[in-house]
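A.B. asks: Starting off with a structure, shown below.
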Amino acid sequence: MGANRVTTEGESSGFAIHPMDQFVIKPLFGGTEVYWYTVTNVTLWMAIAVLCIAGLLVLGTRRRAIIPSRTQSVAEMIYGFIYNMVEEVTGHDGVKYFPYVMTLFLFILFANLLGLVPTSFTTTSHVAVTVTLALMVFLGVTILGFIRNGIGFLSMFWVSSAPLAVRPILAVIEVISYFVRPVSHSIRLAGNLMAGHAVIKVIAGFASLAVVSPVVVGAVAAIYGLELLVAVVQAYVFTILTCVYLRDAVGGAHH
Amino acid sequence: MEGDIAEMGKFIGAGLATIGLGGAGIGVGHIAGNFLSGALRNPSAAPGQMANLFVGIAFAEALGIFSFLIALLLMFAV
Amino acid sequence: MATEATKAAGQGGEAVGMPQLDFSTWPNQIFWLLVTLVVIYLLLTRIALPRIGAVLADRKGAITNDLAAAEELKQKALKAEKAYNEALAQARADAAKIVAEARAGIQKDLDAALAKADAQIAAKSAESEGRITEIRDGALAAVTEVAKDTAREIVAALGGKADARSVAAAVTARLKG
């Protein structure tokens, strides 16, 4: 499945602008083949995200002021927000994984928000990116769970509060739901962003009909606002789910 | 001819798959509504449950996103 | 499979299909994602997070110190207020005592003066009383004398011979009656 070449050209018969061509990965400096090291628009927008994060968290806090400037207080707010989330959800032992959670949150937040810049490229709308992020969390949590709790980590699947007869069934369900986690974790993020951007593009495509174009402008503005909300909420949700999964590994078998 | 029927089936299937989004909408609305009614009964406890609210919404929404994904797969990938 | 997809995409529009499912770009994305994450992680752990943590700790320390100083100052103020109140109460009590003493002294003087004045008044009135009695007695005697003389003259004028003793007796009897 899905072996489409991005370079394939076809007859344009439907939309004047195709809702999916905003997700195409193109090499920045010529050429058509995308090798693993090729500098593409993915590279560009991830680099911009890194620059934004550096600007906010490194340049913004360079004065180390007791009374913070506006940028510094935003950086401190994000820091406090994620720190409290990690501490509340995973408990005291989870705080040492805070930098990792912060990295995920900042990357997803800035990738989502930068994706809303017109004509930009949304890196987090790609399943490859979110699957990598989710698998990192999944493998990290699983390995960490076995390191911290040994074989006792498996007792997470054996619900000791349930009657003995239904425990095997519950164990099967728990195992399945455990392995579905990275799937839903990644598809949620990519799907939300892909859907939002595609919807904006589809609606914008209707603007070629002069009659409805004023409505289209309003609708695109409204959905753009919704997408801003979605961008922040999805970053938050990805992060908090990371914390929830981390709790299983850090907090032991009880969940 | 054969291809056209397959094409038609794909579009019909994609359209049917989007019905799943309605289920996600019901689920998300249910969670948000219940959260609100609980929060109005006991507003002081509400801020502490924001995380649970978002996790619940995320779980409910993920299933809707799956059906959307299936629609996309039918449209573009199968 | 691939041709079918191409055909389907071709009828859909610009024939890009779903770029997300173009697995030939996956290594590229994953590679750059990992690079990005490592860079962000290093930025955060080496520079940003320790710095922000330090600033927050500093601020917390400063606030705690300020609060402690404020608490100390408040205690001092409370102490000063207590001392002030005590001094005020003391002064009030002193003043009340002085007032009471003064009042007692004045009362004593007043009483003495009043007693003296009373005694003087009593003496004066007794004296006056004596003199009034004297005058009244004198006046009574004079009236008797005048009456006797008048009666004798009247009797003499009427041509009678007035015996001094009988006239006096008659006048006395009349004055009494």
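A.B. asks: With label points built 7 Å along Cα→Cβ from the Cα atoms of C:T150 and C:K82, find their separation and express it in nm.
C.D. replies: 9.8
A.B. asks: If you don't mind, another one. Given H placed 1.01 Å from N in the peptide plane, which residues other than close sequence neighbours of A:T40 have an amide H under 5 Å from its amide H?
C.D. replies: A:L28
A.B. asks: Accessible surface of C:D118 in the full protein assembly, 1.4 angstrom probe, to the nearest 10 Å²?
C.D. replies: Counting only protein heavy atoms, the figure is 90 Å².
A.B. asks: Other chains near A:141-152: what is the mean number of their Cβ atoms within 10 Å of each residue's Cβ?
C.D. replies: That works out to 0 on average.
A.B. asks: With a 1.4 Å probe and every protein chain left in place, tell me how much accessible area C:K60 has, in Å² to the nearest 10.
C.D. replies: Estimated to the nearest 10 Å², C:K60 gives 150 Å².
A.B. asks: How many Å³ per residue does the convex hull of the Cα positions in the protein assembly as shown occupy?
C.D. replies: Looking at the protein assembly as shown, the number lands at 439 Å³ per residue.
A.B. asks: Between 0 and 90 degrees, rounded to the nearest ten: what's the tilt of helix C:2-12 against the longest Cα principal axis of chain C?
C.D. replies: For helix C:2-12, the angle is close to 50 degrees.
A.B. asks: Given labels modelled 7 Å from the Cα in the Cβ direction, how far is it in nm from C:A70 to C:V99?
C.D. replies: According to this spin-label approximation, the distance is 4.2 nm.
A.B. asks: Taking a 1.4 Å probe, which of B:F54, A:F238 shows the most accessible area, and what order do the others take after it?
C.D. replies: Correct descending sequence by accessible area is B:F54, A:F238.
A.B. asks: What nm value, rounded to one decimal, do you get for the distance between A:V199 and A:H92 when each label is placed 7 Å out toward the C-beta?
C.D. replies: The modelled label-to-label distance comes out at 4.5 nm.
A.B. asks: Next question. What are the membrane-span-like helices in chain A by this rule: whole DSSP H runs, Cα extent along the axis at least 27 Å, mean Kyte-Doolittle hydropathy at least 0.0?
C.D. replies: Helix filter hits for chain A: A:70-90, A:127-149, A:167-205, A:213-250.
A.B. asks: Note the angle between two axes, namely the Cα long axis of helix C:164-176 and the longest principal axis of the Cα atoms of chain C, as a number of degrees from 0 to 90, rounded to the nearest 10.
C.D. replies: 30
A.B. asks: According to the Cα gyration tensor, what semi-axes, each the square root of 5 times an eigenvalue, does the equivalent ellipsoid of the stretch C:51-177 have, listed from largest to smallest in whole Å?
C.D. replies: After diagonalising the Cα gyration tensor, the semi-axes are 107, 14, 7 Å.
A.B. asks: Can you tally the net charge around A:H92? Count Lys and Arg as +1, Asp and Glu as -1, for every other residue whose Cβ sits under 15 Å from the Cβ of A:H92.
C.D. replies: 0
A.B. asks: What's the ranking of B:65-77, A:108-120, C:87-99 by average number of surrounding C-beta atoms within 10 Å, highest first?
C.D. replies: Ranking, from highest mean packing down: B:65-77, A:108-120, C:87-99.
A.B. asks: Heavy atoms only, 1.4 Å probe, whole protein assembly: order A:R188, A:R63, A:R148 by accessible area, highest first.
C.D. replies: Per-residue accessible area, sorted high to low, gives A:R63, A:R148, A:R188.
A.B. asks: Moving on to the next point. With r as the distance between the Cβ atoms of C:I121 and C:R92 and R0 = 51 Å, compute the FRET efficiency 1/(1 + (r/R0)^6) and round to 0.05.
C.D. replies: Using R0 = 51 Å, I get an efficiency of 0.75.
A.B. asks: Return one number: the angle in degrees, 0 to 90 and rounded to the nearest 10, between the long axis of the Cα atoms of helix B:19-41 and the longest principal axis of the Cα atoms of chain B.
C.D. replies: Between the helix axis and the principal axis of chain B, the angle is about 0 degrees.
A.B. asks: Moving on. Just counting partner chain Cβ atoms within 10 Å, what average do the residues of peptide A:60-67 show around their Cβ?
C.D. replies: What the average comes to for A:60-67 is 3.
A.B. asks: While we're looking at this one, here's another question. Let's see if you can work this out: charge +1 on each Lys and Arg Cβ, -1 on each Asp and Glu Cβ, no other charges. What is the dipole magnitude of chain A about its Cα centre, in debye to the nearest 20?
C.D. replies: 480
A.B. asks: For A:F98, A:F81, give me the order by solvent-accessible area with a 1.4 Å probe, most accessible first, ignoring ligands, DNA and RNA.
C.D. replies: The most accessible residue leads, giving A:F81, A:F98.
The values are calculated or read from the model by the stated rules, or taken from the named source; none is laboratory data. Predicted model, so just to flag it, every value in this text is computed and none were measured. Here the Cβ is made from the backbone with ideal geometry for all residues, glycine too, and neighbour counts use every protein chain on show. Calculation scope for accessible area: heavy atoms of the full protein, side chains included, ligands and nucleic acids excluded. Shrake-Rupley method; radii C 1.70, N 1.55, O 1.52, S 1.80 Å.
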